[in-house]
Amino acid sequence: MTRVWIALWALATLVSGAAAAEETVRPGTSFKDCEHCPEMVALPAGSFEMGSTAEETTLAEVRADAAEREQPKHRVTFAKPFAIGKYEVTLAEYRAFVDATNRPDPDRCITWTESENTWGEVDGASWQNAGFYQGEDHPVGCLDLIDVRDYSAWLSEVTGHRYRVPSEAEWEYAARGGTAMIQTWGDTMEHMCRFANASDLTRADVHKGVRDTPTRFFECRDGFVYTAPVGSFPPNAYGLYDMVGNIWEWVEDCFIIGYDGAPSDGSIRYDENNCDRLIVRGGGWYARNWFMRPAGRSREHPDYRSTTLGLRVVRDLD
């Protein structure tokens, strides 16, 4: 029955959605392939410098072992345009997938427990029960790698277009928004709370954080303890929201320290002998200062589920 429902919805949306997308693939324009699909933004083909310099990691107070993940800086060229989510995938968008496929919720997820003032794996926590308030327009979390791949495959099935988890290079290209600065708003780590939902003093007050811990909190207030509704902060030059901050985002690349030997064409970096963890990008409401940059990188095991980790999808342009 579920597949019948999906097929009927696909038939109803495919013609109008595909036609709309074909008319809006010009770089900078946005489109939706179906009512419950994420809004996408078409990005141009082109090149950029991926990674960071020693000067940047020093300014951002990046720990030495994390700094080496971002270097050497190298040029990546995209021969074709592609589209990426204007926002992080929301609860409402993920709910449409769960409802259509009768997907069971996970039985546990790592979340912050205010009563104990610490992190832990909580029974019954899930993408719709994060342990703190989330509206339907908040970014969905508690998704592991299988969840995000299955969601992308479902979008592909109902629209007839190829949706997928981004490559790391696609993600950083989008996050930089055509700029080459430390942040899209300048070569500075200042003004974070004006531009992103970060680990700030708003969170420190509620979580009884240690204010003097280096790199733990930005000395400003963004008004959110946990996730914020997507689009609450200004977009980058490509019209993309929350590329830095709010919630971490999965990408498909294996975690390999440093960029020696990394692809120059924007493709996924895969090593079957060294892929027990994958890259996650973007930082979030709990992230340390040094992750809150387009160049920042971290990594997680494929079965990791946390209220701090979600998704932004990519769609190939036909």
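Within region 46-62, the set of residues being under 22 Å from the mean Cα position of the chain (by Cα) and not acidic (Asp, Glu) comprises Gly46, Ser47, Phe48, Met50, Gly51, Ser52, Thr57, Ala60, Val62. Filtering Thr184, Thr213 for residues that are in contact with a Lys or Arg (Cβ under 7 Å, 6 or more places away or on another chain) and either without any contact (Cβ under 8 Å) to a residue 40 or more places away in the chain or among the hydroxyl-bearing types (Ser, Thr, Tyr) (or both) leaves a single hit, Thr184.
Every condition in (1) part of a strand (DSSP E or B); (2) farther than 13 Å from Glu168 by Cβ; (3) in contact with a helix residue (DSSP H, G or I) (Cβ under 7 Å, 6 or more places away or on another chain) holds for Val225 except the one numbered (1). A residue that is surrounded by fewer than 22 Cβ atoms within 10 Å (Cβ to Cβ) and either in contact with a strand residue (DSSP E or B) (Cβ under 6 Å, 6 or more places away or on another chain) or of a type in the set (Phe, Trp, Tyr) (or both) can be found somewhere in region 222-229.
Residues are listed down the side, and each one gets a yes or a no for (1) among the charged types (D, E, K, R); (2) more than 19 Å from the chain's Cα centre (by Cα):
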residue: Gly124; (1), (2): no, yes
residue: Trp127; (1), (2): no, no
residue: Pro139; (1), (2): no, no
residue: His161; (1), (2): no, yes
residue: Arg164; (1), (2): yes, no
residue: Glu170; (1), (2): yes, no
residue: Gly177; (1), (2): no, no
residue: Ala180; (1), (2): no, yes
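Candidates in region 136-167 are the residues that are among the β-branched types (Val, Ile, Thr) and not in a helix (DSSP H, G or I); of these, the one that is farthest from Gly284 (Cα to Cα) is Val165.
Only a single criterion out of (1) on the phi > 0 side of the Ramachandran plot; (2) small (Gly, Ala, Ser); (3) touching a residue at least 40 places away in the same chain (Cβ under 8 Å) is not satisfied by Ala174, namely (1). Looking at this structure, is Pro81 more than 22 Å from the chain's Cα centre (by Cα) and modelled with pLDDT of 95 or more? Spelling it out, it is not the case that Pro81 is more than 22 Å from the chain's Cα centre (by Cα) and modelled with pLDDT of 95 or more.
Selection over region 55-89 of residues that are surrounded by fewer than 18 Cβ atoms within 10 Å (Cβ to Cβ), part of a loop (DSSP other than H, G, I, E, B) and among the small types (Gly, Ala, Ser) gives a count of 1.
Inside region 168-191, residues that are more than 23 Å from Pro263 (Cα to Cα) and either part of a loop (DSSP other than H, G, I, E, B) or out of contact with any helix residue (DSSP H, G or I) (no Cβ under 8 Å at 6 or more places or on another chain) (or both) make up a count of 8. Candidates in region 101-160 are the residues that are among the aliphatic types (A, V, I, L, M) and without any contact (Cβ under 8 Å) to a residue 40 or more places away in the chain; of these, the one that is surrounded by the most Cβ atoms within 10 Å (Cβ to Cβ) is Val122.
Filtering region 44-101 to residues that are farther than 17 Å from Val148 by Cβ, among the polar types (S, T, N, Q) and out of contact with any Gly (no Cβ under 6 Å at 6 or more places or on another chain) leaves Ser47, Ser52, Thr53, Thr57, Thr58, Thr77. Residues in region 224-241 that are of a type outside the set (Phe, Trp, Tyr) and farther than 22 Å from Asn129 by Cα: Pro234, Pro235, Asn236, Ala237, Gly239, Leu240. When Ile268, Ile256, Ile279 are checked against the criterion of being surrounded by 16 or more Cβ atoms within 10 Å (Cβ to Cβ), touching a Phe, Trp or Tyr at 6+ places or on another chain (Cβ under 8 Å) and of a type outside the set (Ser, Thr, Tyr), a single residue qualifies: Ile279.
Within the option set Asp242, Asp212, Asp205, being modelled with pLDDT under 95 and assigned to a loop (DSSP other than H, G, I, E, B) holds for one residue only, Asp212.
The values are calculated or read from the model by the stated rules, or taken from the named source; none is laboratory data. Since this is a predicted model, take the numbers as computed values, not measurements. Please note: Cβ atoms are built from the backbone with ideal geometry, for glycine as well, and neighbour counts cover all protein chains shown.
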